[in-house]
Amino acid sequence: MLNNIKIENILFLDIETVPQYQDFDSVPEKFKEFWEKKSTFFRDEQQSASDVYQRAGIYSEFGKIICISVGIAVIKNDQKTFRLKSFFGDDESLLLQEFAAMLKKYHSSNSELQLCAHNGKEFDFPYIARRMLINGIKLPQLLDIAGKKPWEVMFLDTMELWKFGDYKNYTSLNLLTQIFNIPTPKDDIDGSMVADVYWKENDLHRIVTYCEKDVIAIAQLFLKYQCNELIPHENIESTTINKLL
């Protein structure tokens, strides 16, 4: 079935998220109470809500998106190229508006467009949708899945595809890139470091670079699932990174 999906109809994406505030002391009192309750589910008796506040970024009610990177394959004369673009910044509302406009534009010109992420159904897609609603942004059609039948939801998930119906465990993108001999996206930072790189180092450039590497890895992994050749490094171009350099 995967070989029936044209890679040029897939928009690959990844997001990077951080806690909404630099530290627990900066959190408004009411939200401190909510985080106290939320964090009881995963902190041990020796830990306080402050100790685990760095994990707030993975929850859409307590975190925010600082980067969405997307990539799409272009096939011309039997040659695959891969183009990347990122939406990033401190203003979450603005980057989400720009991403929504791009998604609407791409979908209007290609009704077969699908979104693909690693663990996207569990994390990226719902996180983006929730943060859009929190910011008062109308959901693009691709993300507005309420009432849709399963086959009408245009989501692909490279982690779910790897499970083949097995629900027992999580398989990281990093592990799968090693298995399939794909260049690892974790050669500088990983997800656990993003909050510190953002709040302490103020280095969005580094985070964008990391996010785009994840998008490339997801696309290459999907090609491996189809038993196709990887896209050569020289055929990959980032309009974002070129502007940042």
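Here are some notes:
- Filtered by the rule that a residue be of a type in the set (D, E, K, R) and either touching a Lys or Arg at 6+ places or on another chain (Cβ under 6 Å) or part of a loop (DSSP other than H, G, I, E, B) (or both), segment 103-146 gives Glu112, Lys121, Glu122, Lys138, Asp144.
- When residues of segment 71-96 are limited to those that are out of contact with any strand residue (DSSP E or B) (no Cβ under 9 Å at 6 or more places or on another chain) and touching a residue at least 12 places away in the same chain (Cβ under 8 Å), the one nearest to Glu8 (Cα to Cα): Gln79
- Selection within segment 135-152 - touching a helix residue (DSSP H, G or I) at 6+ places or on another chain (Cβ under 9 Å) and of a type in the set (A, V, I, L, M, F, W, C): Ile137, Leu139, Leu142, Leu143, Ile145
- Take the conditions (1) touching a residue at least 24 places away in the same chain (Cβ under 8 Å); (2) surrounded by 15 or more Cβ atoms within 10 Å (Cβ to Cβ); (3) more than 24 Å from Leu230 (Cα to Cα); (4) more than 13 Å from the chain's Cα centre (by Cα); Cys67 misses just one of them, which is (4).
- Looking across segment 107-143, the residues that are aliphatic (A, V, I, L, M) and surrounded by 15 or more Cβ atoms within 10 Å (Cβ to Cβ) come down to Leu113, Leu115, Ala117, Ile128, Ala129, Met132, Ile137, Leu139, Leu142, Leu143.
- Highlighted here are the strands (runs of 3 or more DSSP E) found entirely within segment 1-89 that include at least 1 residues which are of a type in the set (S, T, N, Q) and over 16 Å from Ala195 (Cα atoms): 63-76, 79-88.
- Residue check, Asp90 within 19 Å of Asp214 (Cβ to Cβ) and among the acidic types (Asp, Glu): no
- For segment 160-192, a residue qualifies if it is assigned to a helix (DSSP H, G or I), out of contact with any Lys or Arg (no Cβ under 7 Å at 6 or more places or on another chain) and at pLDDT 90 or above, and the qualifying residues are Leu161, Trp162, Lys163, Leu173, Leu175, Leu176, Thr177, Gln178, Ile179.
- Those residues of segment 193-225 which are small (Gly, Ala, Ser) and either modelled with pLDDT under 95 or touching a Cys at 6+ places or on another chain (Cβ under 6 Å) (or both), in sequence order: Ala195
- Contact annotation: residue pairs with Cβ atoms under 7 Å, 6 or more positions apart or on different chains, pairing a residue in segment 144-159 that is of a type in the set (S, T, N, Q) and crowded, with 17+ Cβ neighbours inside 10 Å with a partner that is assigned to a loop (DSSP other than H, G, I, E, B) and at pLDDT 95 or above, are Thr158/His118.
The values are calculated or read from the model by the stated rules, or taken from the named source; none is laboratory data. Computed from a predicted model, the values in this text were never measured in an experiment. For neighbour counting, all protein chains shown are included, and Cβ atoms are generated from backbone atoms with ideal geometry for every residue, glycine included.
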